[in-house]
Amino acid sequence: MTATGFLLKLGYFGFWPAYLLLMCGDLLADVAWYYLGYFGGEIFIRKAGRFVGITSDAVEKIKNIFIKYQSRILFFSKLTMGFGFSLAVLTTAGVSKVPFKNFMLMNFLGEFIWVGMMLALGYFLGNIYLLVSESLRIGFIIFVAIIFLSALYGFTRFMRSRSF
């Protein structure tokens with residue numbers, strides 16, 4: 001999405017076609033994850049849950065929390081999609097049998113904001129890439145990737161250390 005924002009600035013795409021295609025593609029993937037949880041989540045938990053530390057008690061506790069706060073969880077998980085736990089939220093929505101209409105509404109609202117933010121990020125900050133001299137571009141890309149992966153690793157360690 002950010003790369004598309006950068007390409008928008010360079011004039012390769014029109015805003016509305018790019019915006020709508022990105023939204024549709026991401027929503028389609030969200031629906032796939034929802035239905036994976038809806039139809040296969042319980043089976044996975046029964047067969048392989050113990051291998052990944054998922055107990056039936058934990059699943060019931062999460063389901064209860066999810067049902068109670070489903071709109072907030074779905075909306076904010078879309079806005080924080082880059083932190084890496086949105087797939088778990090989308091499949092949990094399916095396992096919890098969240099009504100599809102509510103699932104789509106909250107995802108659409110969050111998606112509308114998320115895609116706009118990512119396009120704006122690429123559009124307004126993508127020119128930083130152009131300012132870096134040719135000889136430093138590869139190093140710059142590697143540096144940014146290391147920073148991003150380090151932050152993601154630290155966040156996932158933090159989330160795993162928290163217990164429900």
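Structure notes:
- Residue within the range 157-164 that is surrounded by 10 or more Cβ atoms within 10 Å (Cβ to Cβ) and modelled with pLDDT of 85 or more present: no
- Screening Thr91 against (1) modelled with pLDDT of 90 or more; (2) surrounded by 12 or more Cβ atoms within 10 Å (Cβ to Cβ) leaves a single unmet condition, (1).
- Meets criteria (in contact with a helix residue (DSSP H, G or I) (Cβ under 6 Å, 6 or more places away or on another chain) and either hydrophobic (A, V, I, L, M, F, W, C) or surrounded by 12 or more Cβ atoms within 10 Å (Cβ to Cβ) (or both)) for Leu125: no
- The conditions of being touching a residue at least 12 places away in the same chain (Cβ under 8 Å) and surrounded by 16 or more Cβ atoms within 10 Å (Cβ to Cβ) are met by Ala18.
- Any chance Ala88 is assigned to a helix (DSSP H, G or I), closer than 30 Å to Phe6 by Cβ and free of Cβ contacts under 8 Å to residues at least 12 places away in the same chain: yes
- Contacts under 9 angstrom Cβ, first residue in the range 26-45 being free of Cβ contacts under 8 Å to residues at least 24 places away in the same chain, partner outside any helix (DSSP H, G or I), 6 or more apart: Phe44/Ile54
- Single condition Leu109 does not satisfy, out of (1) in the same structural domain as Phe15 (by TED's automatic domain parsing); (2) under 28 Å from Ile54 (Cβ atoms); (3) in a helix (DSSP H, G or I): (2)
The values are calculated or read from the model by the stated rules, or taken from the named source; none is laboratory data. Given the structure is predicted, the values throughout are model-derived calculations rather than measurements. So basically every Cβ, Gly included, is an ideal-geometry build from the backbone, and we count neighbours across all protein chains shown.
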